[in-house]
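All remarks here apply to the structure that follows.
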Amino acid sequence: MGSFTSVTAPLVDRVTVLRDGHSVGTYPVAQLDRQNVVSLITGHERRSAERSVQRARSIGAPLLELRDLSRGREFTNISLVLRRGEIVVLTGLIGAGRTELLETVFGARRPSSGKILLRSRAVQFTSPRDAIASGIALMPEDRRGQGLTAVMPVFANITLASLGKFVRRLLLQPRQELQHARRMITDLTIKPPSPFRAAGLLSGGNQQKLVLAKWLSTAVDIFLLDEPTQGVDVATKAEIYRLIRSMAASGKAVLVVSSDLEEVMEIGDRILAIRQGRIVAEFRNEALDPALVIDAITHGQAA
Amino acid sequence: MYEKSVIHRWQVVLGRIEPATIGPMAALLAMLSAFSILSPYFLTSSNLTNVLVQSAPLLVLAAGQTFALLMGGLDLSQGSIVSLVSVVTAGVTMHHSLVLGAAAGIGVGLGISLINGLLIGRAGIQPFIVTLGTLYIAAGLAMVYSGGSSIFGLPKPDVDYFFWFGGGFIGPFPVPVLIATLLIIAVYVVLGRTRFGRHVYAVGGNETAAVMSGIDVGRVKILIYLISGGCASIAGFLMSGRVISGQPLLGAGDILLQSIGAVIIGGTSIFGGQGGVLRTVLGVFVITFMVNGLNLLAIDTFAQQVIVGAIIILSVWVNSLRRRHA
């Protein structure tokens, strides 16, 4: 391994490492090599014991398969398989092509080459509408901009993608719609529990649960989650992880994009490292050393 | 967002009032009491009936305009559609029959609306630009079709039926008021109780989120402009019936600005996603009662325009203050 100074940071004199919003120290580059930096960034991971309890899920048939999917310069030759009951995490630095990949699978962008297979059949989506009808949901990274409608009340956000269920003789049935919204609010512990509050007034974590509730109200079984806990407080993070796991346990397939290493280690059954638009490494999350993941997303080369 | 009864009946029972309607409600009440003190004629039943009849076309127009504003757009072509429907209806009635005339007139109006809808919903052009263009196109077509002059002297008995729509009565109720009332009820149900209505709010509230939730936003926009222009066509028909003639400048005056003004005064957000048709009814009454009252007090129409303009600005200002404090 080359010297950290010469390879990564030829212009740098000192390095300050931030973790979870706190500085963990400033060091002259001469004192650092890549291993030091990685362990400073990750902290001393201590979670493998906690994680082992969650591994009782049965993984089923492949639901979504990508074969050599490429789009311009955003991502190249992405191949992956997502199975029923499985949580796969795609991790990489911001700008590595992760959001673009999810939006392409969701039909919001068009791939330039490659195939998307759904339940082993090739599909081509021209809009998110198509993708949703085929059972795919996307929880976008920018929840205020793309995930929810801030001026609409909580209940209307929850039912927005599943309104057809509440229509009888052309008319929406407010009683059934509200009943459903209240049930989702309880199930997902959305706070405050008022269906009439404007969605924009909820905290980040509760907005995120709201977006999840919207998709859990539909019949989709493939969930694409883009940075699901960004800007979410610690307690709500844990609840969202619990939700994601129970979704997988009920037979849904979940593809998570995350650059939060703790999150990656916490929820991923398999971890794919993406760098500069290519998948550079794949890990099974069993006794995995987080340093390997960091190394892959920052330095990994495509095979 | 939704009007109170859409949210739920018990909240109405508990008397919860949408804060956005407090302003226009207070303005209306203040006006009604001031005018009834200042003018002995204001509260007479003949005057009130008169105001209602005069309000009917504006109610119809503004009900349609409400959709465009809820989407975060607007429809500037409504006035020109009124003019075009007026001359085509009268022209065709002259040579054929009122049934054909009405079909042709309203058909042409819907044609212009469909052009609006396709350019906005499919080609993705700004509503302001598209409807500014069709404002000119429809106004020009009305002049071309009529040769710039009024079309009157319609044959009997069609002319009597025509007047019935614009100024007739069923029992004590003026026909145009009944038509406007039915239309308001229909719009209220569509906005509050149908999937399409919810989609209108969703597109106006956050268009990207609507797309990402699987809503066919283009289709929603096409329908919105069909409804807005369809309402303008009905209003054009009613207004022409009242004057039993085709007038190429029938919608060229205040009526378009009053239609947009009524929706805004009523408290529907110009950013889209918040508001409703009952607020629009409130806005229409603020405008028409004010015009009527000022007429009774012999205040000239130019001064009235100054006052209407000031109320539009004031109502948006009050709403923006409220939003900042919320």
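In region A:132-144, which residues are crowded, with 21+ Cβ neighbours inside 10 Å, more than 8 Å from chain B (Cβ to nearest Cβ) and assigned to a helix (DSSP H, G or I)?
A:ARG143, the sole residue that qualifies.
If only one of B:GLY267, B:GLY230 is touching a residue at least 40 places away in the same chain (Cβ under 8 Å) and more than 12 Å from the chain's Cα centre (by Cα), which one is it?
Just one listed residue meets the conditions, B:GLY267.
Kindly provide the set of residues from region A:151-194 that are within 22 Å of B:GLY72 (Cβ to Cβ) and either assigned to a helix (DSSP H, G or I) or more than 7 Å from every other protein chain (Cβ to nearest Cβ) (or both), ordered by number.
Matches in region A:151-194: A:VAL154, A:PHE155, A:ALA156, A:ASN157, A:THR159, A:LEU163.
Mind checking whether some residue in region A:213-220 is among the aliphatic types (A, V, I, L, M) and under 14 Å from the mean Cα position of the chain (by Cα)?
No, every residue in region A:213-220 fails to be among the aliphatic types (A, V, I, L, M) and under 14 Å from the mean Cα position of the chain (by Cα).
One line per residue, one yes/no per condition, for (1) in a loop (DSSP other than H, G, I, E, B); (2) under 14 Å from B:ILE215 (Cα atoms); (3) assigned by TED's automatic domain parsing to the domain that holds A:ILE271; (4) touching a strand residue (DSSP E or B) at 6+ places or on another chain (Cβ under 6 Å):
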{"site": "A:ARG109", "(1), (2), (3), (4)": "yes, no, yes, no"}
{"site": "A:GLY114", "(1), (2), (3), (4)": "no, no, yes, yes"}
{"site": "A:ALA122", "(1), (2), (3), (4)": "no, no, yes, yes"}
{"site": "A:THR126", "(1), (2), (3), (4)": "yes, yes, yes, no"}
{"site": "A:ASP130", "(1), (2), (3), (4)": "no, yes, yes, no"}
{"site": "A:GLN146", "(1), (2), (3), (4)": "no, yes, yes, no"}
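From A:LEU255, A:LEU202, grab the single residue that is buried (at least 20 other Cβ atoms within 10 Å of the Cβ) and within 12 Å of the chain's Cα centre (by Cα).
A:LEU255
Which of the residues that make up region A:121-131 are at the interface with chain B (Cβ under 7 Å from one of its Cβ atoms) and surrounded by 19 or more Cβ atoms within 10 Å (Cβ to Cβ)?
Residue satisfying the conditions is A:PRO128 alone.
Would you mind telling me which numbered condition in (1) over 26 Å from A:GLY135 (Cα atoms); (2) aromatic (Phe, Trp, Tyr); (3) touching a residue at least 24 places away in the same chain (Cβ under 8 Å) A:PHE283 fails?
(3)
Restricting attention to region A:256-303, report how many residues are at positive phi and either of a type in the set (Val, Ile, Thr) or in the same structural domain as A:ARG19 (by TED's automatic domain parsing) (or both).
0
Which residue, of B:VAL187, B:VAL243, B:VAL203, is touching a helix residue (DSSP H, G or I) at 6+ places or on another chain (Cβ under 8 Å), within 12 Å of chain A (Cβ to nearest Cβ) and of a type outside the set (S, T, N, Q)?
The match here is B:VAL203.
Right, A:THR99: more than 11 Å from chain B (Cβ to nearest Cβ), touching a residue at least 60 places away in the same chain (Cβ under 8 Å), under 16 Å from A:LEU255 (Cβ atoms) and in a helix (DSSP H, G or I) or not?
yes
Quick one: count up the residues across region A:67-96 that are touching a strand residue (DSSP E or B) at 6+ places or on another chain (Cβ under 6 Å) and in contact (Cβ under 8 Å) with a residue 40 or more places away in the chain.
20
So for region B:214-221 (the condition being away from chain A (no Cβ under 14 Å), at pLDDT 95 or above and more than 24 Å from A:LYS165 (Cα to Cα)), does at least one residue qualify?
Checked against the condition, which is being away from chain A (no Cβ under 14 Å), at pLDDT 95 or above and more than 24 Å from A:LYS165 (Cα to Cα), region B:214-221 yields no hits at all.
What about B:VAL53, is it surrounded by fewer than 24 Cβ atoms within 10 Å (Cβ to Cβ), under 30 Å from B:SER149 (Cβ atoms), β-branched (Val, Ile, Thr) and touching a residue at least 40 places away in the same chain (Cβ under 8 Å)?
yes
Of all residues being more than 15 Å from B:LEU76 (Cβ to Cβ) and buried (at least 22 other Cβ atoms within 10 Å of the Cβ) in region B:246-261, which is nearest to the other protein chains (Cβ to nearest Cβ)? Just the residue, please.
If we take residues in region B:246-261 being more than 15 Å from B:LEU76 (Cβ to Cβ) and buried (at least 22 other Cβ atoms within 10 Å of the Cβ), then B:LEU250 is nearest to the other protein chains (Cβ to nearest Cβ).
Looking at A:ILE87, A:ILE59, A:ILE78 in this structure, which one is in the same structural domain as A:ILE294 (by TED's automatic domain parsing), at pLDDT below 85 and either surrounded by fewer than 16 Cβ atoms within 10 Å (Cβ to Cβ) or touching a Lys or Arg at 6+ places or on another chain (Cβ under 9 Å) (or both)?
The unique qualifying residue is A:ILE59.
When you check A:GLY231 against the structure, is it surrounded by fewer than 22 Cβ atoms within 10 Å (Cβ to Cβ), more than 9 Å from every other protein chain (Cβ to nearest Cβ), at positive phi and touching a strand residue (DSSP E or B) at 6+ places or on another chain (Cβ under 7 Å), yes or no?
Answer is no for this residue.
Can you tell me which residue among B:LEU278, B:LEU282, B:LEU294 is assigned to a helix (DSSP H, G or I), hydrophobic (A, V, I, L, M, F, W, C) and in contact with a Leu (Cβ under 8 Å, 6 or more places away or on another chain)?
Testing whether each residue is assigned to a helix (DSSP H, G or I), hydrophobic (A, V, I, L, M, F, W, C) and in contact with a Leu (Cβ under 8 Å, 6 or more places away or on another chain) leaves just B:LEU282.
A quick yes/no check of all residues on (1) more than 18 Å from B:SER245 (Cβ to Cβ); (2) touching a residue at least 12 places away in the same chain (Cβ under 8 Å):
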residue	(1), (2)
B:ILE112	yes, yes
B:PRO127	yes, yes
B:ASP158	no, yes
B:PHE165	no, yes
B:GLY168	no, no
B:ALA186	yes, no
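The values are calculated or read from the model by the stated rules, or taken from the named source; none is laboratory data. Remember, it's a predicted structure, so these values are computed and weren't measured experimentally. A quick note on method: Cβ atoms are made from the backbone with ideal geometry, for glycine too, and the neighbour counts reach across all protein chains shown.
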